[in-house]
Each structure stands twice: as structure tokens, then as C-alpha cells.
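Chemist: Sharing a structure, written as C-alpha cells. Questions coming.
The values are calculated or read from the model by the stated rules, or taken from the named source; none is laboratory data. Because the structure is predicted, anything quoted here is derived from the model rather than measured. Here the Cβ positions follow ideal geometry from the backbone for every residue, glycine too, while neighbour counts run over all protein chains shown. Keep in mind that these areas ignore ligands, DNA and RNA; they rest on the heavy atoms of the full protein, side chains included. Shrake-Rupley method; radii C 1.70, N 1.55, O 1.52, S 1.80 Å.
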Amino acid sequence: MSAYRYHSSRPHEWIMPRPHRDAHQRYLTYGPILPMDSDRKPGLLERLFGWV
């Protein structure tokens with residue numbers, strides 16, 4: 001038996017992940033990119049206004 005697969009057509013669209021159109025759309029969907037450092041405490045402006 002062969003390990004190769006033959007696909008006669010593309011997979012359906014809902015199976016394939018779709019990249020974001022641009023960075024602003026990603027920001028609107030998920031919010032700002034946050035550092036992975038979980039020990040970081042929010043500053044005064046972040047606590048008052050939600051700024052990051």
C-alpha cells in the first residue's frame with residue numbers, strides 16, 4: 001500500500017483555517033498582544049483607563 005494520497009479537489013473552506021486580513025482586525029477580535037510574563041502588574045493608567 002502506498003503512503004501517498006491523491007486529492008482531486010480542495011478541502012472545504014470551513015476545514016481550512018483562514019488568516020486574518022490585517023493586524024487591526026486581529027486586534028479588534030482578540031485585543032492587544034500581551035507579554036507572556038504573567039508576573040507583570042498593570043500600571044496606574046492601565047488600571048484606571050484599561051490602557052495597555
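Chemist: For the chain, what is the accessible area per residue in Å², given a 1.4 Å probe and the full set of protein chains? Kindly include the intermediate steps, with their values, before the conclusion.
Modeler: Details: 6050 Å² over 52 residues.
For the chain, the per-residue accessible area is 116 Å².
Chemist: So, one more: Once you list every other residue whose beta carbon is under 15 Å from the beta carbon of Pro11, what net charge do they have if Lys and Arg are +1 and Asp and Glu are -1?
Modeler: On the way: positive: Arg5, Arg10, Arg18; negative: Glu13.
Neighbour charge sum, excluding Pro11 itself: +2.
Chemist: Would you mind telling me the share, in percent, of accessible area of the chain contributed by carbon and sulfur at probe 1.4 angstrom?
Modeler: Working: 3570 of 6050 Å².
For the chain, the apolar C and S fraction of the accessible surface comes to 59 percent.
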